[in-house]
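I have placed the structure first, in the form of structure tokens, so that the comments after it can refer back to it.
The values are calculated or read from the model by the stated rules, or taken from the named source; none is laboratory data. Predicted, not measured: the structure shown is a model, and the values here were computed from it. Here the Cβ is made from the backbone with ideal geometry for all residues, glycine too, and neighbour counts use every protein chain on show.
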Amino acid sequence: MSKPKYPRKLSETEAQAVLSNVRVSPRKLNLVAGLIRNLSAADAVATLTFSKRRIAQQVKKALESAIANAENNHQLDVDRLVVTRAEVGKSMVMRRFHARGRGRSARIEKWFSHLKIVVAERAQEAPAETAQEAA
């Protein structure tokens, strides 16, 4: 028996990539995800390339995966792709302890996150010359 067929949740002009159990807290990952929301795909890759944050390189790989999925699996035009969603979610938390004075301990929490990047093909823009004629 195979898995049941489920309808596609995204529209025909969208593609996604999911990154699970990333070793960074959701708050820090959301700061990087906020940098690329609503940018064109090329601008988002350039932004992540020159970001100083450690997690930006993994987000860049996930974004490039979403772009490749759009191109190879859904035959979308790469030049017209826009990052429509960059969703960050909580994953597991590793709990460790740190020895403190007088026989006590303190809890250390190491947060993990999930990331979903959805890219969509924007509509064809009207040529600039027709916009000038209308004005």
| Hey, any hits in region 1-10 for a residue that's within 19 Å of Leu115 (Cα to Cα) and surrounded by 15 or more Cβ atoms within 10 Å (Cβ to Cβ)? | no
| request: State yes or no: is Ser113 among the hydroxyl-bearing types (Ser, Thr, Tyr) and either under 18 Å from Leu35 (Cβ atoms) or loosely packed, with under 10 Cβ neighbours inside 10 Å (or both)? | output: yes
| message | Pull out all pairs, ordered by first then second residue, where Cβ-Cβ is under 6 Å, the residues are six or more apart or on different chains, the first lies in region 52-66 and is basic (Lys, Arg), and the second is part of a helix (DSSP H, G or I) and crowded, with 16+ Cβ neighbours inside 10 Å. | response | Arg53/Val32; Lys60/Leu48
| message | For the structure I just gave you, tell me whether Leu115 is closer than 13 Å to Leu19 by Cα, at pLDDT 95 or above and of a type outside the set (Gly, Ala, Ser). | response | yes
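Pick from Val24, Val59: which is farther than 27 Å from Arg80 by Cα, at pLDDT 95 or above and either in a helix (DSSP H, G or I) or more than 13 Å from the chain's Cα centre (by Cα) (or both)?
Numbers: Val59 fails: farther than 27 Å from Arg80 by Cα.
After applying the criteria, what remains is Val24.
With more than 17 Å from Ala120 (Cα to Cα) and surrounded by 16 or more Cβ atoms within 10 Å (Cβ to Cβ) as the only criterion, which of Ala56, Ala44, Ala17, Ala66 stands out? Before you say what the answer is, go through the steps one by one.
On the way: Ala44 fails: more than 17 Å from Ala120 (Cα to Cα); Ala17 fails: more than 17 Å from Ala120 (Cα to Cα); Ala66 fails: more than 17 Å from Ala120 (Cα to Cα).
Exactly one of Ala56, Ala44, Ala17, Ala66 is more than 17 Å from Ala120 (Cα to Cα) and surrounded by 16 or more Cβ atoms within 10 Å (Cβ to Cβ), namely Ala56.
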